[in-house]
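The values are calculated or read from the model by the stated rules, or taken from the named source; none is laboratory data. Keep in mind that what you see is a predicted model, and the values were worked out from it rather than measured. No Cβ is skipped: glycine too gets one built from the backbone with ideal geometry, and neighbour counts run over all protein chains shown. These area figures cover heavy atoms from the full protein model, side chains too; ligands, DNA and RNA do not enter into them. Shrake-Rupley method; radii C 1.70, N 1.55, O 1.52, S 1.80 Å.
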Amino acid sequence: MNVGPWSEAVLVRLPDTGFIESVATTRSAATLLGERWPAVNGLAYTFAVQTCADVLIGQSPSYLARRAFVEAAKEIGIAVAY
């Protein structure tokens, strides 16, 4: 399974800094979700965390983590560009 960089980065603007950040790997998405995500509840958030974990242990392809990360951002109204 591909656990390397995503085919396209996801740009997000988190409220803690207000800066646009580029997320291009499952590991960086997992770190962001675990350490700086503004809302640690919700179905999309939970699914994204689990999907990132599955990708990092080789159980799922990386494109699923990217898709789940985007949905977690949308769930709480974070601006996303991809």
Would you work out what percent of the accessible area of the chain, with all protein chains in place, is carbon or sulfur (probe 1.4 Å)?
-> 57
Packing-ranked peptide list from 61-68, 7-14, 33-40, highest mean Cβ count within 10 angstrom first, is 61-68, 7-14, 33-40
Going by alpha carbons, how many degrees (0 to 90, nearest 10) lie between the helix axis of 26-35 and the longest principal axis of the chain?
-> 40
The chain, helix-only ellipticity at 222 nm - DSSP H runs n ≥ 4, -39,500 (n - 2.57), divided by all residues, nearest 500 = -14500 deg cm²/dmol
Classify the stretch 1-53 as rounded, prolate or oblate, taking a ≥ b ≥ c as the square roots of the eigenvalues of its Cα gyration tensor: rounded when a/c is under 1.5, otherwise prolate if a/b is larger than b/c and oblate if not.
-> oblate
Can you give me the Cα centroid spacing of the stretch 51-69 and the stretch 1-47 in angstrom?
-> 12
Per residue value of the accessible surface for the chain (all protein chains in place, 1.4 Å probe), Å² | 57
